[in-house]
Amino acid sequence: MGDIIDEVTALVRCRECPWYKNCLTPIQVGPDDITQFRTVMQATNLPEHARGELDQLMENMASLSQQMILQSCPVFTQRLKEDAGLAGRIKEIMRNWGKDSDADEPQG
């Protein structure tokens, strides 16, 4: 009986999540974020050359983060932490992405 309650609770948590059915998205760092960083940097007492270097670093990090970092919903993150098997299955799917694509297609 506990398993049924756990499943229902997980389903309700998922459906109530503002990320519902959009569990992962690439992180978005936009011009507003960089402008905000520059504003914060102007308030510091760093030398001008250090600000320029940090500004360039921020732009590089923003570019890289959009290619490498994902944001995930709290429910999905918690499920991955609680279930090593789920994380393992996802890793296996990603390792085999595109292999045997004919085998994945439904037979008609």
5 angstrom amide H check on VAL29, placed H, neighbours 5+ away
none
Report the chymotrypsin sites (Phe, Trp or Tyr not before Pro) located in region 1-86 that are in a DSSP loop and have at most 13 other Cβ atoms inside 10 Å of their Cβ, or state none.
TYR20
Region 46-105 to region 17-31: how many Å between their Cα centroids?
12
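Compute the relative contact order of the chain as a whole-number percentage, counting only Cα pairs closer than 8 Å that sit 6 or more residues apart in sequence. Mind dumping the intermediate values first?
Values: 43 pairs, mean separation 38.2, N = 108.
That works out to 35 percent.
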Once you put a point 7 Å from the Cα of ILE27 and another 7 Å from the Cα of ILE69, both along the Cβ direction, what distance in nm separates them?
0.1
Calculating Kirkwood radius over Cα pairs in Å from this structure picks out, from (1) 14.0; (2) 14.9; (3) 18.1, entry (3)
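Just the Kirkwood number for region 54-104, please: inverse of mean 1/r across all distinct Cα pairs, in Å, one decimal. Working shown, then result.
On the way: mean 1/r = 0.0724 Å⁻¹.
Evaluated on region 54-104, it is 13.8 Å.
Laboratory data are not the source of any read-out in this text; all were calculated from the coordinates shown. Please read these numbers as outputs of a predicted model, since none were measured by experiment. Cβ sites come from the backbone with ideal geometry, for glycine too, and all protein chains shown count toward neighbours.
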